[in-house]
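Take a look at the structure set out below.
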Amino acid sequence: NSARLDENNKLIAAIERLNVGYKSEVGRDDRLEQIRSGVIARPQGDAALTVWPKGTSEVTWLNTIKDNVSDFGLKFDDRILYSFHTALKISEWSPLTVLAGVSGTGKSELPKLYSHFGGLNFMSVPVQPNWDSQESMLGYFNAIDNVFDAQPILKFLVQSQTEKTVNPDGLKDMMNLVLLDEMNLAHVEMYFADFLSKLEERRSAHKNNLPSIDIKLGAKLEPYKLSLGRNMLFAGTMNQDETTKALSDKVLDRGVSIYFPRPTTLITREKLKTLNAPSHFLSMQQWVSWVKFESNLPKLEQNKYKDIVEDINNHLGEIGKALGHRVWQSIEYFMVNHPLVLAFSENGFDDANYKKALHFAFEDQLVQKVMPKLRGIETRGISKDRCLSPIRALLEDEKFNIVADFERATVMGHGQFMWCSADYLNDEASQKEYQELVQAASSVPSSVPTPEQFKELNVYARKKSVEIVNLSAQQIIDCLGISGFVAKDFATYLSKNTPKGSA
């Protein structure tokens, strides 16, 4: 009897599956509804997040992230955090940020915690080895089951371009980050090629004419146009072992490869903590205010660093390799968008800290944009004499701290150049100098209250039974214990900008 019941259940299941073919095909609107269902519930009502205050200092925002990550029990090098943030800022020139290095050094945790404490919406997408097309990543219409099998990343991308007025869970006013975890388990060019090409088109596109990706909804139906807004950022992690694929020049050209250093001291994590709910969200308006779309590098500094890239390009030309215009453009805009460079540019282009920050930013870009392009060069014979040795001498003459990593790359690739380390980040003298720059940038007076100061002022205003926008400079001094000059700036700011969610 049990055997007959099992057989009967199998036949019933088969009949239900076959019946799908005789039902009326799901229409375009129904398929779109399956795509637009969303995957992130935006906090509403009392749980709604307040926006990071307009005019928040970029360095203050990054320091808040760093402090919260440290409280959580992890620690990232200042230079990696600043490089990751700057690489995301220049997505107009390099739309993909790749995190590479030793497994277990925090490549996946950095984007996650950066987004959580910085107020970005975040989704981690584990890349599968069998991804061979865009449909593998996004989803496709399943004609057998008569449904559109939308993957979470597609729903997230659609949600990120949906206005809150259209859908209460719309995220178009917020910044959003997608992480392609273990992105080189499959060929990136196969499942992400269209994105790489279209994301570059954002550079010269008007906000009302942004590039889009065609999402195929099935035969005889017009594709859905997925707009690629500037509030959508992409990052990926990469391991280098026998299970992974090498990144092509197309991907390297359109990305920034940030290498994590080998740990010199293993850090003990004494207690596992749970993540608290985020306190603020980062608006697209605030993010765009931090991005510089025009280069203001002084001609002298621009020529200095451009000459170095051109010299490397000339040495590469000796063996039939080359750097394109895109590489220098990405380097230049990385430099002018680096938070430390921006902070010290207010002091004038002759400021010593400004020049130090430029040097650090350019050194980071040599590792992230130029050195990966040298892979495959033979480390002996003509290639060594005419290309690798002159480049090494150039790095040493210009006092870049990456010579040891360069030499390591010449011996690790079994006769071919292969950049695979970032030990220059472990140099104590360099770390100390960088931290001093961060502290100096952090001490630059800000005329905008931090989120913590807003909370204090809100509590103080309630006790005094006044609106926060009507607080006097003296009351702000009494509450926060700051100088009169800064208090006056705070009072002016509060009178013109009523903070969302304030008393």
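The values are calculated or read from the model by the stated rules, or taken from the named source; none is laboratory data. Fair warning: this is a prediction, and the values are worked out from it, not measured in the lab. Cβ placement follows ideal geometry from the backbone for every residue including glycine, while neighbour counts extend to all protein chains displayed. When the accessible area is computed, the model is the full protein with side chains, heavy atoms only, and any ligands, DNA or RNA have been set aside. Shrake-Rupley method; radii C 1.70, N 1.55, O 1.52, S 1.80 Å.
Could you tell me which residue of segment 293-308 is nearest to F349 (Cα to Cα), considering only residues that are within 25 Å of the chain's Cα centre (by Cα) and either surrounded by fewer than 16 Cβ atoms within 10 Å (Cβ to Cβ) or β-branched (V, I, T) (or both)?
Going through the qualifying residues, I end up with N296.
For the list (1) out of contact with any strand residue (DSSP E or B) (no Cβ under 9 Å at 6 or more places or on another chain); (2) β-branched (V, I, T); (3) touching a residue at least 24 places away in the same chain (Cβ under 8 Å); (4) open to solvent by 50 Å² or more (accessible area, probe 1.4 Å), I need the number of the one condition that V39 fails.
(1)
Residue by residue through segment 316-346, note down the ones that are among the hydrophobic types (A, V, I, L, M, F, W, C), within 23 Å of the chain's Cα centre (by Cα) and open to solvent by 50 Å² or more (accessible area, probe 1.4 Å).
Matches in segment 316-346: none.
Going by what's in this entry, would K463 be described as open to solvent by 80 Å² or more (accessible area, probe 1.4 Å) and either part of a loop (DSSP other than H, G, I, E, B) or on the phi > 0 side of the Ramachandran plot (or both)? Walk me through how you get there before you give the answer.
Details: open to solvent by 80 Å² or more (accessible area, probe 1.4 Å): yes; either part of a loop (DSSP other than H, G, I, E, B) or on the phi > 0 side of the Ramachandran plot (or both): no.
No, not satisfied.
So which pairs qualify, if the first residue must be in segment 308-332 and of a type in the set (S, T, Y), the second must be surrounded by 14 or more Cβ atoms within 10 Å (Cβ to Cβ), the Cβ gap must be under 7 Å, and the two must be at least 6 apart or on different chains?
Hits for this filter: S330/I90; S330/W93; S330/S94; S330/K369.
With the structure loaded, tell me whether V403 is of a type in the set (V, I, T) and free of Cβ contacts under 8 Å to residues at least 24 places away in the same chain or whether it fails that test. Quick ask: steps written out before the conclusion?
Values: of a type in the set (V, I, T): yes; free of Cβ contacts under 8 Å to residues at least 24 places away in the same chain: yes.
Answer is yes for this residue.
With respect to S115, is the statement that it is modelled with pLDDT of 95 or more, of a type in the set (S, T, Y) and either in contact with a Phe, Trp or Tyr (Cβ under 7 Å, 6 or more places away or on another chain) or open to solvent by 10 Å² or more (accessible area, probe 1.4 Å) (or both) true?
On the way: modelled with pLDDT of 95 or more: yes; of a type in the set (S, T, Y): yes; either in contact with a Phe, Trp or Tyr (Cβ under 7 Å, 6 or more places away or on another chain) or open to solvent by 10 Å² or more (accessible area, probe 1.4 Å) (or both): yes.
Criteria met by S115.
Being at pLDDT 90 or above, outside any helix (DSSP H, G or I) and β-branched (V, I, T) narrows it down to one residue among I319, I331, I308, I312; which is it? Working first, answer last.
Working: I331 fails: outside any helix (DSSP H, G or I); I308 fails: outside any helix (DSSP H, G or I); I312 fails: outside any helix (DSSP H, G or I).
After applying the criteria, what remains is I319.
Would it be correct to say that F195 is assigned to a strand (DSSP E or B) and hydrophobic (A, V, I, L, M, F, W, C)? Let's see the steps before the verdict.
Working: assigned to a strand (DSSP E or B): no; hydrophobic (A, V, I, L, M, F, W, C): yes.
So F195 does not fit the description; no.
What's the total number of residues in segment 118-160 that are part of a strand (DSSP E or B), open to solvent by 50 Å² or more (accessible area, probe 1.4 Å) and either in contact with a helix residue (DSSP H, G or I) (Cβ under 8 Å, 6 or more places away or on another chain) or of a type outside the set (D, E) (or both)?
Qualifying residue count for the region: 5.
Do we find a residue being farther than 29 Å from R254 by Cβ and touching a Pro at 6+ places or on another chain (Cβ under 7 Å) anywhere in segment 53-69?
So the first thing to find is which residues in segment 53-69 are farther than 29 Å from R254 by Cβ, and the list is 53-57, 60, 63-64, 67-68.
Those still in the list that are touching a Pro at 6+ places or on another chain (Cβ under 7 Å) too: 53.
The answer is yes, given that some residue of segment 53-69 is farther than 29 Å from R254 by Cβ and touching a Pro at 6+ places or on another chain (Cβ under 7 Å).
Just for strands (runs of 3 or more DSSP E) wholly inside segment 220-281: which have at least 3 residues that are farther than 30 Å from H206 by Cβ and at pLDDT 80 or above?
Values: elements: 224-227, 232-238, 255-260.
The strands (runs of 3 or more DSSP E) meeting that bar are 255-260.
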